[in-house]
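The values are calculated or read from the model by the stated rules, or taken from the named source; none is laboratory data. Since we're looking at a predicted model, the values are computed, not measured. Cβ sites come from the backbone with ideal geometry, for glycine too, and all protein chains shown count toward neighbours.
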Amino acid sequence: MMFLSPIVFSLSVYMAVLYGYLYLLFTTFPQVFKQQYGFSQGSSGLAYIGIGIGSLVGLLFAGLVSDRLVRTLTLRNAGQYQPEYRLPPMLCGAILVPIGLFWYGWTAEKQLHWMLPIVGTALLGCGIVIVLMSTSTYLVDAFTEYAASAMAANTVTRSLVGAFLPLAGEELYRQLGLGWGNSLLGFIALAMIPIPVVFYKYGQAIRQMKLFNIEF
């Protein structure tokens, strides 16, 4: 199904990239905070607090906003529900991801107060969770009886990238530094912001095209 639907393919690649970013940061946090701020081996674990809090905020935001927004948009559409109504919160998350990467990278590069890069990771974690939740609910609602296949394609892709992208983390920061290294990741995330916008506007038309009509 991954290669039969441009919606599943694009969202799987997008989620895989963000998942890879998340695990890249997980593997590099201790080294970054030890080198830049002199944290000990034990205290460097506190750097994960920001991304944890941000993820929790993103989860609460997606849970509280998504269903309410769907009901509002459905009422405006004469009671006709469209799966694309799950996508607006994803745009918020998509914007937060590059902001968090730029914030984290350059505050850590310039060795500003250690709380500042942690705030950046909180923004990143919040954005990633919002995108993940919106992607999951959209794929389930859009592909109904084939939802398991769509989710499997998404899960396998993001798991593979999450496993291998972190291997490039140390070399990325060694070559480009924390500022430009995270900026490179941020620019890639920035280029992917149009994905939820495109599928919100044209997702229904794409799903109805015979070329992409999924049947097993």
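Assuming LEU124 fulfils every condition listed in (1) free of Cβ contacts under 8 Å to residues at least 24 places away in the same chain; (2) assigned to a helix (DSSP H, G or I) apart from one, which condition is it?
Only one criterion in (1) free of Cβ contacts under 8 Å to residues at least 24 places away in the same chain; (2) assigned to a helix (DSSP H, G or I) is unmet by LEU124, namely (1).
Could you tell me whether the range 86-95 includes any residue that is in contact with a Lys or Arg (Cβ under 8 Å, 6 or more places away or on another chain), under 20 Å from VAL198 (Cα atoms) and modelled with pLDDT of 90 or more?
The answer is no, given that none of the residues of the range 86-95 is in contact with a Lys or Arg (Cβ under 8 Å, 6 or more places away or on another chain), under 20 Å from VAL198 (Cα atoms) and modelled with pLDDT of 90 or more.
I'm trying to understand the selection: among the residues of the range 140-161, which are in contact with a Leu (Cβ under 7 Å, 6 or more places away or on another chain) and crowded, with 17+ Cβ neighbours inside 10 Å?
Hits for the range 140-161 are ALA150, MET151, ASN154.
In this structure, is VAL57 in contact with a Leu (Cβ under 8 Å, 6 or more places away or on another chain) and either outside any helix (DSSP H, G or I) or at pLDDT 95 or above (or both)?
No: the conditions fail for VAL57.
What is the one condition in (1) touching a residue at least 40 places away in the same chain (Cβ under 8 Å); (2) over 10 Å from the mean Cα position of the chain (by Cα); (3) on the phi < 0 side of the Ramachandran plot that VAL131 does not satisfy?
(2)
Among the residues of the range 11-52, which ones are in contact with a Lys or Arg (Cβ under 7 Å, 6 or more places away or on another chain), of a type in the set (A, V, I, L, M) and surrounded by fewer than 21 Cβ atoms within 10 Å (Cβ to Cβ)?
ALA16
Just to be sure, is TYR85 at negative phi and surrounded by fewer than 17 Cβ atoms within 10 Å (Cβ to Cβ)?
no
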